[in-house]
1. Identify all residues within segment A:116-140 that are of a type in the set (G, A, S) and farther than 30 Å from B:L35 by Cβ; write none if there are none.
2. Quick check on my filter: what residues within segment B:113-138 are part of a helix (DSSP H, G or I), loosely packed, with under 14 Cβ neighbours inside 10 Å and over 15 Å from the mean Cα position of the chain (by Cα)?
3. Working carefully through the options A:R78, A:R105, find the one that is among the basic types (K, R), at pLDDT below 90 and part of a helix (DSSP H, G or I).
4. Search segment A:30-45 for residues being in a helix (DSSP H, G or I) and either of a type in the set (S, T, N, Q) or more than 10 Å from chain B (Cβ to nearest Cβ) (or both), and hand back the single one that is surrounded by the most Cβ atoms within 10 Å (Cβ to Cβ).
5. Out of all the residues in segment B:40-72, which are touching a Pro at 6+ places or on another chain (Cβ under 7 Å) and within 8 Å of chain A (Cβ to nearest Cβ)?
6. Of all strands (runs of 3 or more DSSP E) completely enclosed by segment A:134-228, which ones contain at least 3 residues that are of a type in the set (A, V, I, L, M, F, W, C), in contact with a Cys (Cβ under 6 Å, 6 or more places away or on another chain) and buried (at least 24 other Cβ atoms within 10 Å of the Cβ)?
7. Is it fair to say B:T22 is in contact (Cβ under 8 Å) with a residue 40 or more places away in the chain, more than 20 Å from A:R180 (Cα to Cα), away from chain A (no Cβ under 11 Å) and crowded, with 22+ Cβ neighbours inside 10 Å?
8. For segment B:73-124, which positions are more than 7 Å from every other protein chain (Cβ to nearest Cβ), in contact with a helix residue (DSSP H, G or I) (Cβ under 7 Å, 6 or more places away or on another chain) and not aliphatic (A, V, I, L, M)?
Amino acid sequence: MKDRIGPVLQLTQPLRTLAQRFAFLLLVVGAFAAMLLSKADLVVVERFRTGVVDAVAPVYDVLSRPVATVADLVQEVRATLALRSENARLRAENARLLGWQATARRLMAENQALKDLLAYVPEAEARYIASRVVADPGGAFARSVLINAGREAGVRKGLAAINDEGLVGRVAETGRRAARILLITDINSRIPVKVEGSGVRAILVGDNSTRPRLDFLAPGTRLEAGDRIVTSGHAGAFPPGLPVGILVLDADGAPRVQPFIDSHWLEHVRVVDFGLDGILPDRPDAGGGGASLP
Amino acid sequence: MTGTLWFQAVAGLRRLTPLLSTLFLAVLGGLPFYLPGYAAVAPALSLMAVYYWTVHRPDLLPAPAVFAVGLFVDIVSGLPLGVHALLLLLAHAVVLAQRRFFHGKSFLVVWWGFAMVAAPATLLTWLLLVALAGRLIAPAPALFQLGVTLAAYPLVSWLLAWAQRRLLGRA
C-alpha cells in the first residue's frame, strides 16, 4: 500500500509503469474472482464477510449513536409541535382500543375455557433478542441493515426480525456480535405470507422498491386493497401471523404490499426465536461453531 | 522531512490522509440517518473520495488501496463481493489516464469530470448487479442516486480539499 520511495525510484520509468499496469490487471481479475466466489455462496466468503462486519460493527455502534440522538431530538420537537392534534387522535384511538380490550378479554376467557376443555398443549414461548440498528448502508441496489447482536446473543440465520410495527426482515448473516438483516423490500427477500381472514397464500417478493410484490397467487384469486397481509408460517421459515403490511394495487392492478414498518426509521429491532429451524440453517462449519440452538 | 523519528512518524501518518479519509467516507455511507427516502438515494461517498484523491494525489491512494476500500463497501452494504472493488478500480484507472487534463483546471471542469466518471459507474453497477442477481432491478433509484451523488460532490470535495490543505499542504 505504501511505496518505499527508495527502491521504486531506482526502477526505470517504463518498468515501473509496466509493474503498475500488471498490478492493476491483477486487481481487476481479483474483483471478478470475488464476484464469482460470492455468487457461488462459499463458506470462506461468508466467513470473510462476517469477520469484517464483526470488526466494524463496534465502530458503527459508536458512530451511529450521535446520529440517533440528533434524529430522536428532531422527532421530539416535531412531536411537541403536533401535540394537540396527536392528543385528539390518541383519544379517539383510545376509545376504539377500549372496545377492543373488552372484546379481547372476552375472547381470552373463551379461549382459555376451550383450551381447558381440549387439554391443549401450549406452543413454546418465543425468545426475543433486542438490538439496535447500527448501519443502514442504503444505496439503490440493496436493502439491509446491520444490528449489534450476533451469535453470542443467540441470533441465528433465518430468524425473523420485527419491530413494534411489524415484520422487518430476516437474518441473512451472523457474526459474533453483529448480524445483517435483509429487509422485506430487498430484491433477494422472499417471504411466505397469507391474506388475513381469507387465508389466501402468496409469496412476498422484494424488488428494492418500498412496496414489495405479491407473487405466486393461485389463479383467479380475488384480492381487495386494504387487506392485512401476515406471515403464513409455511416452509417453517417464520412463525405464522406476524403482521407484514397492507395490500395495495398498483397502477397496473398488480398486488403489492405497503409494509407496516417505516423503513427509514429503524432504530431498534427484535430478533424472534420461535425455535423454528428456518429455511437458512447456519452452516455448522461457518464462523467457528455457530451456536445453534435446539 | 529531516529531524526526529517523531517528525517522520507524523509525516507518514499525514501521507495516509487520502486512504483514511476515503475509508471514513465509506464508513459514513453506512450510517443510518433516519431521513425518509434517504436510504434509497444515499450518495456514493466512496466514489467521490476515490475521484478526488486520484485527481489531486494519486501517489497516496494506489490501486490496491482503492480495491480494499471497494471490498469494504461491498461487505458493509451487503452486495456481492467485488462489485465496488471493480468499480472504484476502473474509476481510478480512468481518472489516472486523464489526469493531465484536470491539471490546473477550474472546479467546474473537475465537477464535470466527476459526472463523466459517476454516470458510467452507475450504469456499470446496475449492469453488474442485474447480471449477478439474474433479474431486472428498477433503474430509477440508481438514477436518483446518481443525481444526489453529483449534487453532493462540491461539499465532499470541499471537505477533502480542506483535509488536503491542513494535512498534506499544497503539493
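The values are calculated or read from the model by the stated rules, or taken from the named source; none is laboratory data. Being a predicted model, the structure only gives us computed values, none of them experimental. All Cβ positions, even for glycine, are placed from backbone atoms using ideal geometry, and neighbour counts span all protein chains on display.
1. Step one: filter segment A:116-140 for residues of a type in the set (G, A, S), giving A:119, A:124, A:126, A:130-131, A:135, A:138-140.
Passing the criteria: A:A119, A:A124, A:A126.
2. B:L127, B:A131
3. Details: A:R105 fails: at pLDDT below 90.
The conditions single out A:R78.
4. Within segment A:30-45, the subset in a helix (DSSP H, G or I) is A:30-39, A:43-45.
Now drop any that are not either of a type in the set (S, T, N, Q) or more than 10 Å from chain B (Cβ to nearest Cβ) (or both), which leaves A:38, A:43-44.
Working: A:S38: 21, A:V43: 11, A:V44: 9.
Among them, the one singled out is A:S38.
5. Of the residues in segment B:40-72, the ones touching a Pro at 6+ places or on another chain (Cβ under 7 Å) are B:40-41, B:53, B:57, B:60-61.
Those that are touching a Pro at 6+ places or on another chain (Cβ under 7 Å) and within 8 Å of chain A (Cβ to nearest Cβ): B:A40, B:V41.
6. On the way: elements: A:144-147, A:160-162, A:167-174, A:179-183, A:190-195, A:201-205, A:213-215.
Because the criterion is at least 3 residues that are of a type in the set (A, V, I, L, M, F, W, C), in contact with a Cys (Cβ under 6 Å, 6 or more places away or on another chain) and buried (at least 24 other Cβ atoms within 10 Å of the Cβ), no strands (runs of 3 or more DSSP E) in segment A:134-228 meet it.
7. Details: in contact (Cβ under 8 Å) with a residue 40 or more places away in the chain: yes; more than 20 Å from A:R180 (Cα to Cα): yes; away from chain A (no Cβ under 11 Å): yes; crowded, with 22+ Cβ neighbours inside 10 Å: yes.
Criteria met by B:T22.
8. B:D74, B:H84, B:H92, B:R99, B:F102, B:W111, B:G113, B:F114, B:T122, listed by residue number.
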